[in-house]
Amino acid sequence: MNSYIINELKKEESWRLFRIIGDFIDGFEIMPDYIPSVTVFGSARVKEGDKYYDAARELGYKLAKKGFTIVTGGGPGIMEAANRGAFEAGGNSIGLNIKLPKEQKPNPYLNITLNFNYFFARKVMLVKYATAFVLFPGGYGTLDEMFETLTLIQTKKLKPFPLILFGEEHWKGLINWLKESVINKNYIDEEDLNIFKVLDNIDDVVDYIDSWYIKHSKEVMEF
């Protein structure tokens with residue numbers, strides 16, 4: 001590789017660093033103003049009328065009425081539904097959008113939109129200022145977000161904020177696999193299953209998050 005190409009690569013990496021810093025600065029300047037917040041993860045493919053879309057919309061509405069900001073990845077599906085509920089409740093609805101080659105358009109139910117160049121910077125902001133996490137059914141992205149958040153809590157890099165898997169029917173296969181394979185082979189401890197809860201009722205989710213926050217609000221401000 002000749003010196004010209006090497007120098008051009010170095011220039012591109014320098015600009016990449018500035019873009020990464022820019023992603024973080026936007027998040028660090030804005031997100032702390034919207035605590036307490038709940039981050040909602042789930043499939044972008046779910047359409048209005050699906051039971052999980054309706055549940056996420058109800059969740060966003062009821063949490064917003066309790067004073068929680070709703071934060072999502074800003075796209076369609078479950079993200080749109082949760083943002084929509086918060087928007088309809090007159091609450092704070094934030095979308096952390098990602099710039100893609102086939103650009104993901106922010107959903108229309110956002111009070112604030114932040115656009116990120118990099119998935120990893122976006123994921124930091126989805127987690128760093130959240131006081132609870134609710135995961136609806138989804139694909140690889142949702143599973144990635146689930147296990148990364150679980151790992152952060154397990155390794156004490158993140159306080160043990162509520163992490164709720166919504167929809168027992170959807171999650172039971174994964175949980176059975178964790179019990180029968182992962183725990184039995186001692187890859188995780190049995191107590192690691194206590195990091196999350198599986199709930200099927202939106203009111204139970206709202207009550208759990210609200211009660212936890214009332215009890216631990218001082219700790220939240222210290223993280």
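Once backbone amide H atoms are built at 1.01 Å from N, GLY74 has LEU96 as its partners under 5 Å, excluding neighbours fewer than 5 places away on the same chain. Exposure here means at most 12 other Cβ atoms within 10 Å; with GluC sites (Glu not before Pro) in a DSSP loop as sites, the longest stretch of the chain lacking them is 104-223. Short-range pairs are left out: with C-alpha atoms under 8 Å and at least six residues apart, the relative contact order of the stretch 30-222 is 20 percent. Between LYS159 and ASP192, the C-beta separation translates, for a Förster distance of 22 Å, into a calculated FRET efficiency of about 0.90. The angle between the Cα long axis of helix 51-65 and the main principal axis of the chain comes to about 90°, on a 0 to 90 degree scale. Could you work out how far helix 78-88 tilts from the main Cα principal axis of the chain, as a 0 to 90 degree angle to the nearest 10? The angle comes out at about 70 degrees.
One decimal place: the segment GLU48-LYS65 gains 4.0 nm when fully extended, by the rule 0.36 nm per residue minus the C-alpha distance.
Past the 31 Å Cα-Cα mark, which pairs from LYS105/LYS179; LYS99/LYS157; LYS47/LYS128; LYS62/LYS128; LYS105/LYS215; LYS62/LYS105? In this structure, LYS105/LYS179; LYS105/LYS215 exceed 31 Å between Cα atoms. Do any trypsin sites (Lys or Arg not before Pro) in the stretch 146-223 lie in a loop, going by DSSP, with at most 15 other beta-carbon atoms within 10 Å of their beta carbon, and if so which? Here the trypsin sites (Lys or Arg not before Pro) that fit, given the DSSP loop and packing criteria, are LYS156, LYS157, LYS185. If you take the Cα centroid of the stretch 48-99 and the Cα centroid of the stretch 158-186, the two points sit 24 Å apart. Here ASN115 and ASP144 are evaluated by their C-beta separation; at R0 = 25 Å the FRET efficiency comes out at 0.80.
How far, in degrees from 0 to 90, does helix 168-177 lean away from the longest principal axis of the Cα atoms of the chain, to the nearest 10? Approximately 70 degrees, to the nearest ten.
Here's the list of aspartates and glutamates a cross-link from LYS156 could span, going by alpha-carbon distance under 19 Å and ignoring same-chain residues fewer than 8 apart: ASP144, GLU145, GLU148, ASP189, GLU190, GLU191, ASP192, GLU219, GLU222. Between TRP177 and TYR208, what is the FRET efficiency for a Förster distance of 25 Å, r being their Cβ-Cβ separation, to the nearest 0.05? After rounding to 0.05, the efficiency reads 0.55. Cα gyration tensor of the stretch 30-222, axes a ≥ b ≥ c as square roots of the eigenvalues: rounded (a/c below 1.5), prolate (a/b > b/c) or oblate? Rounded is the answer for the stretch 30-222, as its axis ratio a/c remains below 1.5.
Rule-based calculations on the coordinates, nothing more; no lab input. All values derive from a computational prediction rather than experimental measurement. Note: ideal-geometry Cβ built from the backbone for every residue, glycine included; neighbour counts use all protein chains shown.
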